[in-house]
Amino acid sequence: MLDKKKQPKVVIIGGGTGLPVLLRGLKKHPVDITAIVTVADDGGSSGRLREDMDIPAPGDIRNVLAALSDVEPLVEQMFQHRFQSKNELSGHSLGNLILAAMTSLTGDFVHAIQEMSKFLNVRGKVLPAANQSVVLHAEMDDETIVTGESKIPFSGKKIKKVFLSPRHIKPLSETLQEIKQADLIVIGPGSLYTSILPNLLVPGLGEEVARSKAKKVYICNLMTQAGETLDYSASDHIKAIYDHMGNAYIDRILVNNEEIPTEIQQRYQAEYAKPVMYDVESLKMMGLEIIQERIFSYEGNVIRHDTKKVADLLYNMLVNETKSHIVP
C-alpha cells in the first residue's frame, strides 16, 4: 500500500537531447524523479575524456544534471560552458571536466554524480546505466559491424541490431531498486538505437524494466532520424525495442497527432528526416494504449517535445496510477 503523502515515483530512461527537455518540465511537479542515463557516447568532449581517463561518458549525464538543477542561471551556464580555443581545452564542456575531476578525486563515477547533484541542487536522482565505460556496436543489414555511438548514424546502412561491450557489464543495484519502486517508467524521447537501447541492453536493467509492475510509457520521437530510424513508423520504434529485449512490455505510447508545419518539415528534409507516422491500427494490434496529443514546440527552426505539455501528461498518469494503488 502506498503512503498517501509519498510523492509518486517516475523513472525515466534515455539520453541525448530529448531527456533533458522532458526533465525540465517534469521537475516542476511534485514527483520523485530518477533519470537513468546512457553512458555509451564516444564523440566530442565525452569521447575524449572516456578514452583518456577510462571513465563512463559524462556528456549525457551532464545535460541531465543541468536540466534537473535548481541554481542561478549563470551557474548552470558555467556548468554547460564549452571552451572554444586552439588548445587542448577546445571542445570540452566545463561540466564534463568537473565530472571527470570529481571521478578522479572520489575514485567512482556514481559518487562524482552524487556530489555534483548536491552542488547543483538537483531535483531528483541521476544514475548512469552502468558505472563503467561501455562501447556501442551495431550490426548492419549487410552483416557488417560498426563500432562507436557517434559513428553508427553515419554508416549509410540500415541498422539490424545494436549491442554493447564488454560482455560483462553490471547495472547499479541502486538503479534496479529504483526501477522496482517506480510507479511509472518512461522510455524516451531520444535516438532509438544510440540513446534508448544502450540503457535497456545493460544486462539486468532491461529485464528489471520488463518485470516491473509499473506502467511503462514510450514517448515517441517527433521526427525520424537518418542513419537510425529512416522511414520508421511509431510501431517500428516499439518493434525494435521488443526485438532487442525479446519480450513485449510497454503499456502506452505517447504520439504527436498534430501536423508539423510545412516550413519546418522542409527544413528537416535536408537531414532526410520527416514526421514519425503514428500507425494507430498497428499500435492497437500490439496491445498499446495510444495517447494522442500535440506534443511539440519550437526552438527557432527546430522542433522539440513540448516540455510542459508532456510533463503534465506524465504527471496525470502518475497521479492516476498511484490513486489506483491506494487502499481506502
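The values are calculated or read from the model by the stated rules, or taken from the named source; none is laboratory data. Not measured: the values here are computed from a predicted model. Cβ: placed from backbone, ideal geometry, glycine included. Neighbour counts: every protein chain shown. Areas reflect the complete protein model, heavy atoms only, side chains present, ligands, DNA and RNA absent. Shrake-Rupley method; radii C 1.70, N 1.55, O 1.52, S 1.80 Å.
When only C-alpha pairs under 8 Å and at least 6 residues apart count, what is the relative contact order of region 65-145, in percent? The normalised contact order for region 65-145 reaches 29 percent.
Largest mean-square fluctuation among 164, 89, 74, in a Gaussian network model of the chain whose springs join Cα atoms under 10 Å apart, belongs to 74. In this entry, region 164-291 is assigned a mean projected area of 8.5 nm², taken as a quarter of its C-alpha convex hull surface.
Among the protein heavy atoms, those of residue 119 account for about 120 Å² of accessible surface (1.4 Å probe, every chain in place). With contacts taken as Cα pairs under 8 Å at a separation of at least 6 residues, the chain carries a relative contact order of 20 percent. Across the alpha-carbon set of region 226-321, the Rg to Rh ratio works out to 0.98, Rh being the Kirkwood radius. Under the simplified labelling scheme, the residue 279-residue 247 pair shows an inter-label distance of 2.5 nm, with each label point 7 Å from Cα along Cα→Cβ. For residue 291 and residue 173, FRET efficiency with R0 = 45 Å and r from the beta-carbon atoms, rounded to 0.05? Once rounded, the FRET efficiency stands at 0.85. All Cα-Cα distances of region 61-110, cut into 10 Å bins from zero to the largest, leave 25, 47, 27, 1 percent in each bin in turn.
Lysine pairs in region 154-244 whose alpha-carbon atoms fall under 22 angstrom of each other, counting only those eight or more residues apart or on distinct chains, come to 12.
Beta bridges per DSSP, both residues in the chain: antiparallel share near 35 percent.
Distance distribution note for the chain: the fraction of Cα pairs above 37 angstrom is 12%. Among 208, 88, 178, the largest mean-square fluctuation in a Gaussian network model of the chain, built with springs joining Cα atoms closer than 10 Å, belongs to 88.
Relative to the Cα centre, the charge distribution of region 209-328, modelled as +1 at Lys and Arg Cβ and -1 at Asp and Glu Cβ, gives a dipole magnitude of about 560 debye. Sorted into 5 angstrom bins from 0, the C-alpha pair distances of region 51-194 split as 2, 8, 15, 17, 19, 17, 12, 6, 2, 0, 0 percent. Ligands, DNA and RNA are left out, and with a 1.4 angstrom probe the accessible area of the chain is 46 Å² per residue.
Here region 222-310 exposes an accessible surface that is 46 percent carbon and sulfur, computed with a 1.4 Å probe and the other protein chains kept in place. Between 298, 242, 218, the GNM of the chain built on Cα springs shorter than 10 angstrom shows 298 fluctuating the most. Gain on full extension, evaluated as 0.36 nm per residue between residue 316 and residue 143 minus their Cα-Cα distance, stands at 57.9 nm. Taking 56 Å as R0, compute the FRET efficiency from the Cβ-Cβ separation of residue 270 and residue 181 and round it to 0.05. My answer for the efficiency is 0.80.
In loop segments of region 253-320 as defined by DSSP, the trypsin sites (Lys or Arg not before Pro) with at most 14 further C-beta atoms inside 10 Å of their C-beta are 294.
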